[in-house]
Every structure is written in C-alpha cells, then in structure tokens.
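Data block below; observations after.
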Amino acid sequence: MASSNSVRTKLLRAETVADGTMAFHLSKPPDFEFRPGQSVDLTLLDPPETDTEGNIRTFSLANAPFQKELMVATRIRDTAFKRVLSKAAPGLEMSIDGPSGSFVLHRKVEKPAVLLAGGIGITPFLSMIQDATHDRTEHQIWLFYSNRRPEDAPFLDRLTEAAKQNPRFHLIPTMTEMSKSKREWRGETGLIDKDLLLKHLESLQGPIYYLAGPPAMVAAMRRMLVEGKVDEDDIRTEEFSGY
C-alpha cells in the first residue's frame, strides 16, 4: 500500500545499460525535489503478478536534479517486481515515495570526495557527478568504480563523458575478471585496494569517502579504510543488498 505522501509517476522508457542491468526513465512529478544521492520507494500498482518480496523497492535516483526525468537502474533478477518492470510498456503508472536518505555529497568544497562503487552501486554517484559537473562545483571528486568486466559496468560511457567535461572529476574504473571479457581494456584491473587508492590519491587521510555496492564489498572497503587510519567520521556508506 502506497503511503499518503506518495505521488504518481509513469514509465517513459527502459534501456539496457549493462549485461543484466536496466535503467528506467520515469516522469518527474510536479515540484519533486531531491538531493543527488537520495533514494525513493517505487510501488507497482495492481501488478499482474507478485511474490513474497512484495511490490515496493527502494532505488537511488541516478539522474541529477536539473534533469527533466527521473531515472532508476537495477540488476534484473528473477523476482515478480523485476519481471513486471522489465516487461512493462511505457505509460505504466507507479507510485513514488521520497526522497529519503542522507547519502549526499558534503558541502565543504575544500575537502575532496572519494567515491568507491561496485556495480549497480554507481547509481547515487552518477547523480552526484552529473550534478557537480552541471553546477561546476569546486569539489575535487575521485570515483573508483569496480566491475567484473566492461560489459557489466553500467553508465561507464556517461561517466567517461563527465570526466572529459569536468576537470575536477577523476574517474578510475577497474575490472576484476577481464579473462571473461570480449572487450579490450587499458584501464586498471583488480579489486579496489589501498595500493590502487594511493596510486591516485596523495594520502588516504583527508577526503570524505562514500562507499556504495553489495554489502560484502562495502564492509571490505570500510575495513580497508579504517586499517589505513581513515577517520570513521569521514566514511559514509550505502548498501545495495538483494539487487
């Protein structure tokens, strides 16, 4: 059941953004405002099928506030919610609750932001980066983005474009299973670790860190940073479980 402060949205179109990953473009309700990094709850209204996982999912908004549409993205798993959404025709009505969450970029521009993302954990960061690029904010932003293969990396092309437009945005994608890829790759390989961070950052101490991805990855990243003497107050996390 959608809550009393929910509003309606419509599916405009869907697109595949990586192997097994789809993005859904939604109409933006009037006066809908959010901060980059925040999330919403999407509810399917009277879907043709349902299961024990229910008709509501929480998604980070992947679009920036200045854009005319809302966008969410997800790995397509075999659940009723995702089957309905992935097959839906444009015009499907849903209800949207939110925005919510405090996983947003800090305001002090003199402190760099280091974003550590795995897979679909990229969605809140895509919103932040597009917004920072559009607004020409003074933040220095580093994004370390881990995927198995380029084929599995949602929005890598858009992030590459943003890095060309925004001299303060530094993109460091890394692939962990290039042996299974059919594409050429000249970037970093292997997991995000202390050595990779220090190859691109002057020091581990100083920046504010934002971690988003599967719970096991987020936990490993946090452990690595704490062992590297990063102040725990400078670490912010968002877990993407069951996606």
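Rule-based calculations on the coordinates, nothing more; no lab input. Note that this is a predicted model, so its numbers are computed, not measured. Here the Cβ is made from the backbone with ideal geometry for all residues, glycine too, and neighbour counts use every protein chain on show.
Could you give the length gained on full extension between Ala216 and Lys87, defined as 0.36 nm per residue of separation minus the Cα-Cα distance, in nm? Walk me through the numbers before you get to the answer.
On the way: separation 129, 0.36 × 129 = 46.44 nm, distance 3.02 nm.
This chain segment gains 43.4 nm when fully extended.
For Lys182, go through the lysines and keep the ones whose alpha-carbon is under 19 Å away, minus same-chain ones fewer than eight residues off.
Excluding near neighbours in sequence, the set is empty.
Using the crude model of +1 on Lys and Arg Cβ and -1 on Asp and Glu Cβ, and no other charge, please compute the dipole size for region 7-100 relative to its Cα centre, in debye to 20. Don't jump to the answer; show the numbers that get you there.
Numbers: 12 positive and 13 negative charges, 50 e Å.
Charge dipole, region 7-100, about its Cα centre: 240 debye, nearest 20.
Average the reciprocal distances over every distinct pair of alpha-carbons in region 113-239, invert the result, and give the Kirkwood radius in Å. Can you show the working numbers first?
Working: mean 1/r = 0.0678 Å⁻¹.
This gives a value of 14.7 Å.
Roughly what % of DSSP beta bridges within the chain run antiparallel, to the nearest 5? List each step's numbers first, then the result.
Working: 27 of 52 bridges.
Percent antiparallel among DSSP bridges in the chain is about 50.
Just the number, please: Stokes-Einstein D of region 1-112 in µm²/s, Kirkwood Rh from C-alpha pairs, 20 °C, 1.002 mPa s. It would help to have the intermediate numbers written out before the result.
Details: Rh = 14.8 Å.
It comes out at roughly 145 µm²/s.
Would you calculate the convex hull of the Cα atoms in the chain and tell me its volume per residue in Å³?
Numbers: hull volume 32.5 nm³, N = 243.
Given the Cα convex hull of the chain, per-residue volume reads 134 Å³.
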